[in-house]
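To start, the structure itself, in structure tokens.
Values in this text are rule-based calculations from the coordinates and carry no lab data. All values reported here derive from a predicted model rather than from experimental measurement. Reconstructed Cβ throughout: ideal geometry from the backbone, glycine too, with neighbour counts over all protein chains shown.
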Amino acid sequence: MLIFSSSDKGGTGRSVTSCNLAYRLSLLGQDVAYLDFDFGSPTAGAIFEIPTLERGTRNGGLHSYIRGRATEPVRADIRTTTERQVLKERPPGSGKLTLFPGDVGGAEFSLTNEHIKKAAELFQTVEREFDVCIVDLSAGRSSALDMSLQAISPKNRPKKAEAVRWLLFHRWTTQHVIAASGLLLEENGILSCALAAGFARREFLRLVRTIRTAVPDASAFGKKTTAEQDAWLSRSDDILKTLAKSRGLGLDMLAGTTPLEPMLLWREQVIMDVDVKRRLADKATTQAFEELANKLIDDEAWEGFER
Ligand SMILES: Nc1ncnc2c1ncn2[C@@H]1O[C@H](COP(=O)(O)OP(=O)(O)OP(=O)(O)O)[C@@H](O)[C@H]1O
Ligand SMILES: [Mg+2]
């Protein structure tokens, strides 16, 4: 399975959530590859706490591979290269967890057919080796996004190819909802690139789901909230729900929500069960990641909220 992670805005929590999903999927026994396609800022290595890869690699990462400068992209076994002790452990029954880093100093590029061919070949190769491959795209419209859509389009993918899921991340605020909807549905956005790449509208939208990230509850106001704050929050939440629905990002599109997790405000990292046990992280956070991971690999759960 190929899972693409996209967002319009930067700082939505796309990469941190995707890394946590990769980790959770590996705990579920899936062999997972994480492909850092955020070519301008490939920092997934920092989230997995791999010091040598915190800004990508200099030895032929994904960017070099796509541009024909490396025959095979570098990869790292996250559990053996991370400096986080508890992440090194491989619980019984868990699958592989492998990072394909981007390149240090990579940048935007103008897309050619050769790049698209390379990307299509790469996807086929990693899909053969891994159960789930998560591709983290840079924020907004980018060559990597266009390239990915073309590489997975019916023109370039054999009919019987594995499942594809397309995730659209956004924060639960007015501006983020508007921006995410624009990226998906407006000119030069994901849908229009997908149509140009050869997808039918309905067929492509079936692959897309949203993830609302870092959604706060009343406790964000402080320990004790006033009745006015409670009422305001409830009204604001309703306004956002109406806005999301009117912009095509309603409940029928929603894969899940992650709660605002204080630990992630200070540090981008994998939130582990041990963090909850040590009373550092909220149980609701690990639960949200786990539920989402389960849903991603369960066709029935995924189709259950089909449009
Ligand atoms: N559930 C959450 N609760 C609180 N903070 C979060 C949550 N998820 C992510 N964050 C924080 O939000 C910030 C942005 O997250 P992240 O880097 O994953 O965003 P991004 O969309 O990948 O951004 P970019 O486009 O710059 O790559 C980080 O500091 C991260 O720790
Ligand atoms: Mg990111």
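State the extension gain, in nm to one decimal, for the chain segment bounded by Thr52 and Arg84, taking 0.36 nm per residue of separation less the distance between their alpha-carbons.
Details: separation 32, 0.36 × 32 = 11.52 nm, distance 1.32 nm.
Computed gain between Thr52 and Arg84 is 10.2 nm.
PRE reach from Asp298 (point 7 Å along Cα→Cβ): which of region 252-279 fall under 20 Å by backbone N?
252-259, 273
So what is the orientation-averaged projected area of region 2-301, using the convex hull of its C-alpha atoms, in nm²? Show your work: numbers first, answer last.
On the way: hull surface 62.5 nm².
Mean orientational projected area (region 2-301, Cα hull): 15.6 nm².
In straight Cα distance, which aspartates and glutamates are under 14 Å from Lys241, not counting same-chain residues fewer than 8 positions off?
Straight-line reach from Lys241, under 14 Å: Asp252.
Add -39500 (n - 2.57) for each DSSP H run of 4 or more in the chain, then divide by its residues: what number comes out at 222 nm, to the nearest 500 deg cm²/dmol?
Working: 15 runs with 134 residues, N = 307.
Taken over the chain, the calculation gives -12500 deg cm²/dmol.
Arrange Thr242, Thr98 by Cβ neighbour counts within 10 Å, fewest through most, would you?
Values: Thr242 11, Thr98 22.
Fewest-to-most ranking of Thr242, Thr98: Thr242, Thr98.
Using a Förster distance of 51 Å, how high is the FRET efficiency between Lys277 and Glu228, based on the Cβ-Cβ distance and rounded to 0.05? Working shown, then result.
Numbers: r = 37 Å, r/R0 = 0.73.
With R0 = 51 Å, the Cβ-Cβ based efficiency is 0.85.
For region 12-100, treating each Cα as an identical point scatterer without solvent, what Debye log10 I(q)/I(0) comes out at q = 0.11 1/Å?
-0.29
Please report the spacing between the Cα centers of region 1-73 and region 84-153 in Å, no decimals.
If you average the Cα positions of each part, the centres end up 6 Å apart.
Relative contact order, percent, of the chain when contacts are C-alpha pairs under 8 Å separated by at least 6 residues? Don't jump to the answer; show the numbers that get you there.
Details: 570 pairs, mean separation 71.2, N = 307.
Relative contact order of the chain: 23 percent.
Round to a whole angstrom and tell me the spacing of the C-alpha centers of region 240-307 and region 171-234.
13 Å
In the calculated pair distance distribution of region 1-54, what percentage of Cα-Cα distances lie above 18 Å?
Above the 18 Å cut-off, region 1-54 has 31 percent of its Cα pairs.
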